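What follows is a short report on a single structure.
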Amino acid sequence: MLWLTKMASLHEPTWKKAGIHEAIWNSTYRIRRNGDLVHGLAEKWCSETKSFVFSWGEATITLEDLMIDGYSVLGSPVFISSGTKELKKREERREIEQSKTASIENFTLNATVET
């Protein structure tokens with residue numbers, strides 16, 4: 001932090017003009033890791049849905065959340081070869097889920113029409 005105090009006496013007006021003054025000061029903040037919190041969140045993670053599963057429902061981190069935190073969401077796309085086993089498994093899971101959803105919707109529609 002000593003370096004920052006020395007630099008600020010010389011460059012603080014420039015940092016303010018450039019809009020980076022607060023960012024520079026915030027960069028010296030030490031974030032303490034809370035191991036219990038990290039382990040607690042890890043226990044709630046579902047790798048299949050890529051979300052946290054809580055008693056009240058599922059939650060995930062979105063690109064919008066990252067933008068709010070100041071992270072860039074722009075970048076190069078990631079491509080998966082269409083012949084990979086992983087992609088075939090994903091497609092099979094998606095088809096199974098779609099057929100389950102269609103069955104539930106048909107059941108609900110039939111139950112509604114009959115009553």
Length gained if T60 through E22 is fully extended, taking 0.36 nm per residue and subtracting the Cα-Cα distance, is 10.8 nm
Amide H contacts under 5 Å for S51, placed H, 5+ residues apart: C46
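On a 1.4 Å probe surface of the protein chains, which of L4, L41, L10 comes out largest in accessible area, and what is the full order? Display every interim value, and only then the final one.
Details: L4 0, L41 70, L10 125 Å².
Reading off the accessible areas and sorting them downward yields L10, L41, L4.
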For region 15-23, what does the Karplus curve 6.51 cos²θ - 1.76 cosθ + 1.60, with θ = phi - 60°, yield as ³J(HN,Hα) per residue in whole Hz, taken in order and with x for Gly and Pro? 4, 5, 5, 7, x, 10, 4, 5, 4
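The values are calculated or read from the model by the stated rules, or taken from the named source; none is laboratory data. Worth saying up front: this structure is predicted, and the values here are computed from it rather than measured. Remember, those area values only see protein heavy atoms, side chains included, never the ligands or the DNA or RNA. Shrake-Rupley method; radii C 1.70, N 1.55, O 1.52, S 1.80 Å.
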